[in-house]
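Below is one structure, written out as structure tokens; the observations come after it.
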Amino acid sequence: MSNAVPTYELYGENTGRNPDFWLHCETIPSRSSLHHWEIRPHRHESFFQILYIDAGSGDAIFDGVRHAIAPPAIITVPPRLNHGFRFSRDIDGFVVTVLISHLKAAPGDRSRLGEWLAEPHLTLLDTNNDDATYVAQTLRRLGEEFTNRRSGRNDLLEAYLTSALLLTARLSQREAEGPGASDESERRMERLHGLIQHHFRAHRPAAFYAEALGISPTHLNRIVRGRTGLATHELIARKLTDEAKRDLVFTFGSVQEIGYRLGFADPAYFSRFFLKQTGQTPRAWRMAERERLGM
């Protein structure tokens, strides 16, 4: 049955070519009006989608199961999910399409966010909730930033995307868990991610992060492995690798310059590190990825 469902490169279309973007944004009416307000079942192999519904109504269909849409709401669609939509003619809002390689967590990994990203969600936004209001405002800003193409655009798009997804996941999980639910390991993981973001260019060892969190390296490693399937040092290496990949594709700096920016004093060591993590040298990976993206 799934073989009969088309795989689209973008929202509601099959271009037959590789994407030349990491994030795309458009209004829902601009696309759905061309298809009589119905997007038939399809799936995306490499994309994650966020639909912000500001007005109107309709149905979201996930693997044949219908879910009623009422505004304001956020719909999140993981890759490889059979899905479709039926919209009323007064629908308003927009859809954000993102390469999964640019998400904060990979859909399906063992982190709490990764598990959430792997499943479709329809999250209602309570207008009396500050987080919900902020999500709506952030996605509107993302849409404006995408359209206006001003300086600092990519960094702001990434910041808006991450903020909106993390807060939507929090709202969705809060609904599922009920008030007062807490998880000490999850809070430590959030603090760890913040510390890694701040210190990853300094190449701090796992023991540094354990001390900052007030626990032993063994305890930290147990938490990280339980949440991500990785050891602490592997999680730190993944962050360095992800930043290297981003710079190799979206900046014009040489491999040596990118290595220096990431805290590698020796260009040869940077190349060996990247080769170990990806199976390719930085230069070979850059050429292959830019060719794949049509850049």
Between ARG110 and SER57, the two model label points (7 Å from Cα along the beta-carbon direction) sit apart by a distance in nm of 4.5
Scattering profile of the range 2-177 from the Debye formula, Cα beads only, expressed as log10 I(q)/I(0) at q = 0.16, 0.19 Å⁻¹, is -0.96, -1.44
Output ordering of 48-59, 21-32 (per-residue mean of other Cβ within 10 Å, highest first) is 48-59, 21-32
So SER33 and ASN148, fully extended at 0.36 nm per residue minus their Cα-Cα distance, gain in nm 39.1 nm
Under 5 Å from the placed amide H of ILE91, counting only residues 5+ away or on other chains, we find SER57
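What FRET efficiency do you get for GLU45 and ALA212 if R0 is 30 Å and r is their Cβ-Cβ distance, rounded to the nearest 0.05?
0.20
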In the range 184-292, taking the dipole from +1 charges on Lys and Arg beta carbons and -1 charges on Asp and Glu beta carbons about the Cα centre, the listed residue (GLN277, HIS193, ALA244) farthest towards the positive end is GLN277
The alpha-carbon pair-distance distribution computed for the range 89-150, with 5 angstrom bins and whole-percent values, is 4, 14, 15, 23, 24, 15, 6, 1
Stretched fully, the stretch from ARG66 through VAL5 gains (0.36 nm per residue minus C-alpha distance, one decimal, in nm) 20.3 nm
Among the Cα-Cα pairs of the range 184-292, the proportion with separation greater than 18 Å, in percent, is 50
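Laboratory data are not the source of any read-out in this text; all were calculated from the coordinates shown. Being a predicted model, the structure only gives us computed values, none of them experimental. With ideal geometry, Cβ positions are generated from the backbone for all residues, glycine too; neighbour counts draw on all protein chains shown.
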